Each structure stands twice: as structure tokens, then as C-alpha cells.
Amino acid sequence: MSVLSRPAILLASASVAAGLLIAPAAAYAADTTTDLSAAQMKAAVQAVAAATDTASAQGWASDLDLNITFGGTTATGWQTIVTDREHGLLTASFAVQGQPATSVFLDEGAGGYESISDDSRTKAALKMIGRPTATYTFTADPTLTLADDAPSPLELVSPVAGAGTGAGTKTVHDDGSVDYVFTDTTVGTVTLHTDASSVLTAASTEFKEDEATLSQQIDYRYGPQTVTLPEAGTTVDAKTFAKGLAYLDMSGMVRTAAVSGAADTRRAAKGGKIKVATLRKLVRRDASETDQAAGGVDVVKVKNITSGVRVYATNPWTKKSVAYTVTASGRKVLVKKA
């Protein structure tokens, strides 16, 4: 399931909270309400999914308002999605209260784009790698498809159409539109608003747990949509950008690997004589762990020297280097900056 299909979770992870009063459905002169079993509701929701998928064959768009309350703290968030199914393109933007918006793009058969945060660290990395004006990273992925990696309209509300659906009610209005209200095991109370053709036009959810309440309301529109991808001059390869971020911490990473490796070697010796083979093994292990903690970028190198190892790195853009030696000396492990 695409991360885009769970905007509520995605925004909640930013540690925000907000209150929501979901606007009630409009009053109609003649409403007919019927109780549906879980099986009947599941079939109804799946019928809505099928009708909505047909309506969105060329494209669709949504506007989502997210609200969270937690421990008396409140905040809001929003998300917009525009999907051009004819050309295999999607863009989504989202933000939480008081924070800048983030945008992503999916290009079927090519890959995905993600906006770069505007902070001193990212600016330093972009300047270092020679791409100071880049605003998006690009990750190539020829296997990417909207069918597998993007949500359908209903998945924004119920991640798997009908799978977690409980019993509920069906209210038919005099204009033929319908409201379905049920409980979904993953998102709480769900209300689906459909037109007379069973096409989803709006939806809302409310999930409560302990002191937290998470609610969202979504409006939809269907038909051809236009998505404009970021220009090549504004993008940088995601791996290159990640590498640049890691090399900002090159000096600290090398020192951490050397010092941690030395400490682990001392513990392994248990007060006895230091074994060079053990020292080399543990320093290499800690160097690898240091790289993994920095996003898996191969920054720290280890080379055997007499009685130990040399731990070092060279910045590929600035050409600056940093190195430490870690050597065995009887019962001691010596760490020196080279």
C-alpha cells in the first residue's frame, strides 16, 4: 500500500494535533435509512469503489483536511492529490500546522520526486555537491505504476476497500445521493458520500484512542487532470543528495567509528592482551554501523596497518580528508588522529 494512501498517519507522524468538527451532511426533505450488516456494507463499499474507479479512469483529484487533538493540544493539516491516469502522473502536497508543505510526484515507469526541505543542513549539502538551486530529489524506478504505488480515491478513506468494514447504515436522499456510515478497523468511524451513480464525492473519518482524536474530511473531483513535473534543473539524484548529507558529518563519523571500535575491542579483551585480528574485525563492524546510521552511505573506510587499522574518509567534492589510527599495544588500544 502506498504511503500516499494513509495521509492521516503520514501527517500524524509529524507529532501534531488538531481538533475537528466534521460538517454534517446536508439535510434533505426525504431520507430513507437502512441498517446494513458487515457483509452488506462490504459489498456496498466495493460497489462504490468500482463505480468510483470507472469515474476516475482519466483522472481525479482530492482535497483533504486533517485535524488532530491530543492532550488538549490541537493542530490541523491538509493534503491535495492530483492524478492524471491518462499520462501516468500524480502529485501530492501536504503540510501540518506551522510547518512548510512537502510535495511528491510520481511518474509511471520513470520514478518519484520529493521536495527538499529548506533548512541550513540541506542548503549546505546542496551547495557542497554543486546543486544549490535544486528543490526536488529524484529516485529512478522503472517499475513504478500508479496502480501499485498510488492510492485510489477510496483508499484515502478505507485502505483496502471493504476489508475492514463493519456493520452500519445506508441513507438514501431524495436526489438519489447516498451516505454510508460504518466503522473501519483501521480508521474508525467512516462516512462515504456518493452521488446517484455510487461515485464517491466526499468522505470523512474519525478515529479516537485514549486522549487522541484524529479526523479527516475529503472532497473529490473527477475527469482529466494536469500534472507538471519538476524541471530537470530543479532536481538532484536522491542518492547523490543523501551522500552529500552524509559527508557533512564525515569528520564525526570517522571519529565515532574509531572510538567505538577501540572501546569494543577493549571490552572484548576483558583486561587481557589486545588481539589485532579482533581489533580489525570490531573497528570494521563499527565503521559499517556508523555508515548505516547515516543512511547507508559508504563514507568510512578501514585499512589494515601495522598492529591495527587506519580509519579514514575523503570528501569526493571538497577533497578534504580525515583519518584516525586504532592500534593494539599490549593491553591497550590507542586511538590517534592521523
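Go through the residues of region 139-149 one by one and say whether even a single one is touching a strand residue (DSSP E or B) at 6+ places or on another chain (Cβ under 9 Å), open to solvent by 50 Å² or more (accessible area, probe 1.4 Å), more than 19 Å from Asp219 (Cα to Cα) and assigned to a helix (DSSP H, G or I). Yes, some residue in region 139-149 is touching a strand residue (DSSP E or B) at 6+ places or on another chain (Cβ under 9 Å), open to solvent by 50 Å² or more (accessible area, probe 1.4 Å), more than 19 Å from Asp219 (Cα to Cα) and assigned to a helix (DSSP H, G or I).
Within region 200-223, the set of residues being modelled with pLDDT of 90 or more and among the charged types (D, E, K, R) comprises Glu206, Asp219, Arg221. Scanning region 38-52 for residues that are modelled with pLDDT of 95 or more and not hydrophobic (A, V, I, L, M, F, W, C) gives a single hit, Thr52. Exactly one residue out of Val190, Val181 is within 26 Å of Ala57 (Cβ to Cβ) and aliphatic (A, V, I, L, M): that is Val190.
Of the residues in region 151-179, how many are assigned to a strand (DSSP E or B) and touching a helix residue (DSSP H, G or I) at 6+ places or on another chain (Cβ under 6 Å)? Let's see the steps before the verdict.
Of region 151-179, the ones assigned to a strand (DSSP E or B) are 165-172, 178-179.
Within this subset, residues satisfying the condition of being touching a helix residue (DSSP H, G or I) at 6+ places or on another chain (Cβ under 6 Å) are 165-168.
Adding up the residues that qualify gives 4.
Looking at this structure, is Val178 open to solvent by less than 30 Å² (accessible area, probe 1.4 Å), farther than 30 Å from Gly109 by Cα and modelled with pLDDT of 95 or more?
Working: open to solvent by less than 30 Å² (accessible area, probe 1.4 Å): yes; farther than 30 Å from Gly109 by Cα: yes; modelled with pLDDT of 95 or more: yes.
So Val178 passes the test.
Scanning region 259-293 for residues that are touching a helix residue (DSSP H, G or I) at 6+ places or on another chain (Cβ under 7 Å), of a type in the set (Gly, Ala, Ser) and surrounded by 16 or more Cβ atoms within 10 Å (Cβ to Cβ) turns up Ser260, Gly261, Ala287. Inside region 294-314, can you point out the residues that are over 29 Å from the mean Cα position of the chain (by Cα) and open to solvent by less than 20 Å² (accessible area, probe 1.4 Å)? Once the filter is applied, which keeps residues that are over 29 Å from the mean Cα position of the chain (by Cα) and open to solvent by less than 20 Å² (accessible area, probe 1.4 Å), region 294-314 yields Gly308, Val309, Val311, Ala313. Apart from one condition, Thr213 fits all of (1) among the hydroxyl-bearing types (Ser, Thr, Tyr); (2) in contact with a strand residue (DSSP E or B) (Cβ under 7 Å, 6 or more places away or on another chain); (3) open to solvent by 50 Å² or more (accessible area, probe 1.4 Å); the exception is (3).
The values are calculated or read from the model by the stated rules, or taken from the named source; none is laboratory data. These numbers come from a predicted model, not from an experiment. Positions of Cβ are backbone-derived with ideal geometry, glycine not excepted, and every protein chain shown enters the neighbour counts. Each accessible area value is taken on the protein alone, full model and side chains, heavy atoms only, with ligands, DNA and RNA left out. Shrake-Rupley method; radii C 1.70, N 1.55, O 1.52, S 1.80 Å.
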